Amino acid sequence: MNLETTNEVEIIKVATSKINQVDFENLTFGTIFTDHMLVCDYRNGAWERPTIKPYEPFTMDPSAKVFHYGQAIFEGMKAYKAEDNSVWLFRPEENHIRMNKSAVRMCMPEVPESVFIEGLKELLKIDQAWIPKGIGNTLYIRPFMIATGSGVIAQPSSEYRFCIILSPAKSYYSGDVKVLIADYFSRAANGGIGAAKAAGNYSGQFYPTQLAQEAGFQQIIWTDDATHTQLEECGTMNVFFRINDTLYTAPTSDRILDGITRKTLITLAQDKGIEVNVRPVLVEEIITAAENGSLKEIFGAGTAAVVSPICGFQYKDTYYEIVKPENSYAKLLKDALTQLQHKLTEDKFGWTIKI
Ligand code: COI
């Protein structure tokens, strides 16, 4: 597989920016996109020259495999603006590695660093005015790849499109989140695609989540498909449980995404002297902890959501409320993470990359 492109990025800029039409104070997550996007096509066994061009619709054959077999993967990342107007990425190489793991699992070509990382940096330089300053303001980055080859035969495409679009964003969930623990539906199975950021992983959640929302919950905590006894992910996030002063989160597996926010929070928590136990977390032990008062917090962690506190959960017919503790770990870790991402504190881990 040829992982190198021979030429630099071609750049075609918009004649007039649409930035003045955007109300940056009232953004709905993922609905407004910047002036430009990066597009790179894969044909004849190689990646072509990437282009940065005005954001616009694609034209595609109706038989393209992405429409019929969902051969599609994506990543979620963010860019941050520091007080001095410099622009930063957070652990972008981790997204690149994960994108390519997803690509392998979905029988798609790996994306070279020159396209994913260097192309993204070029795109951000062009659209950096779209990143407002201040904690809570970010530019959400959505790299994705779709199978563009035509023909409804059910086999991998021979043509693909990699694209990066950018969307100014505040947080994904607002307020505290009430969740339902899954006891029938599943998000992923052993040997399946749960660890890949495959589009179908997310659309498969829509129906159970819609039912949960109709019942008054924002999200579902997914359990293992075989026994529904282990707590795995929460909606589109990894999930942490605090029992007394220890944090627990499930190990990554075929069923659980290797979340970059998840692994960052584990390191940040340990750095602050908080004990983190990475092991299967049982529904039963969380219920016992909720009943005896040792369950202090549950929070989701993801790029879009950052750290999202959960204020209560329902299991079968019983609802358990979680009273927010004064010394919330969710808040401590969220503050530590966002300050580091916005360059307000020292980055001793070397996670922030200047563009
Ligand atoms: C992210 O946190 O970036 C995700 O991938 C979740 C997405 C479905 C909004």
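The values are calculated or read from the model by the stated rules, or taken from the named source; none is laboratory data. Since we're looking at a predicted model, the values are computed, not measured. Every residue, glycine among them, receives a Cβ derived from its backbone with ideal geometry; neighbour counts consider all protein chains shown. Protein only, heavy atoms only, side chains kept; ligands, DNA and RNA dropped before computing areas. Shrake-Rupley method; radii C 1.70, N 1.55, O 1.52, S 1.80 Å.
With a cut-off of 9 Å between beta carbons, the residues surrounding Gly151 carry a summed charge of 0, where Lys and Arg count +1 and Asp and Glu -1. Heavy-atom accessible area with a 1.4 Å probe sorts Lys197, Lys133, largest first, into Lys133, Lys197. Helical content of the chain, expressed as a calculated mean residue ellipticity at 222 nm, amounts to -7500 deg cm²/dmol (DSSP H runs of 4 or more residues, -39,500 (n - 2.57) each, divided by residue number, nearest 500).
Rolling a 1.4 Å probe over the heavy atoms of the protein chains gives the stretch 177-341 an accessible area of 41 Å² per residue. Largest GNM mean-square fluctuation across Asp254, Asp225, Asp271, computed for the chain with C-alpha springs under 10 Å, falls on Asp271.
Ligands, DNA and RNA left out, the 1.4 Å accessible surface of the stretch 2-169 is 50% carbon and sulfur atoms.
What fraction of the DSSP beta bridges in the stretch 177-341 is antiparallel, stated in percent and rounded to the nearest 5?
Values: 27 of 38 bridges.
The answer is about 70 percent antiparallel.
Sorting Asp347, Asp335, Asp23 by solvent-accessible area of protein heavy atoms yields Asp23, Asp335, Asp347, largest first, with a 1.4 Å probe.
Largest accessible area first, the listed residues Arg105, Arg91 line up as Arg105, Arg91 when surface is computed with a 1.4 Å probe on the assembled protein chains. Solvent-accessible area of the stretch 177-341 (1.4 angstrom probe, protein heavy atoms only): carbon and sulfur portion equals 49 percent. Please give the net charge around Ala64, taking every other residue with its beta carbon less than 12 angstrom from that of Ala64, where Lys and Arg add +1 and Asp and Glu add -1. Here the count lands on 0. Normalised by the number of residues in the chain, the average gap of Cα pairs under 8 Å and 6 or more apart makes the relative contact order 18 percent. Entry comment: accessible area of the stretch 1-124 is 50 Å² per residue, from protein heavy atoms only and a probe of 1.4 Å.
Legend: distances between Cα atoms for Lys197/Lys272; Lys125/Lys272; Lys18/Lys324; pairs beyond 32 Å are Lys125/Lys272; Lys18/Lys324.
Could you please state, rounded to a whole Å, how far the C-alpha centre of the stretch 273-310 is from the C-alpha centre of the stretch 238-268? Cα centroid of the stretch 273-310 versus Cα centroid of the stretch 238-268: 9 Å apart.
Accessible area of His68 (1.4 Å probe, protein heavy atoms only, ligands and nucleic acids ignored): about 80 Å². Among Leu124, Tyr184, Ala147, whose Cα sits farthest toward the positive end of the charge dipole of the chain (+1 at Cβ of Lys/Arg, -1 at Cβ of Asp/Glu, about the Cα centre)? The residue sitting most towards the positive pole is Leu124.
The Cβ shell under 15 Å around Asp225 holds other residues with a net charge of -3, Lys and Arg each +1, Asp and Glu each -1. Mean separation of Cα pairs under 8 Å and 6 or more residues apart, divided by the residue count, gives the stretch 131-289 a relative contact order of 18 percent.
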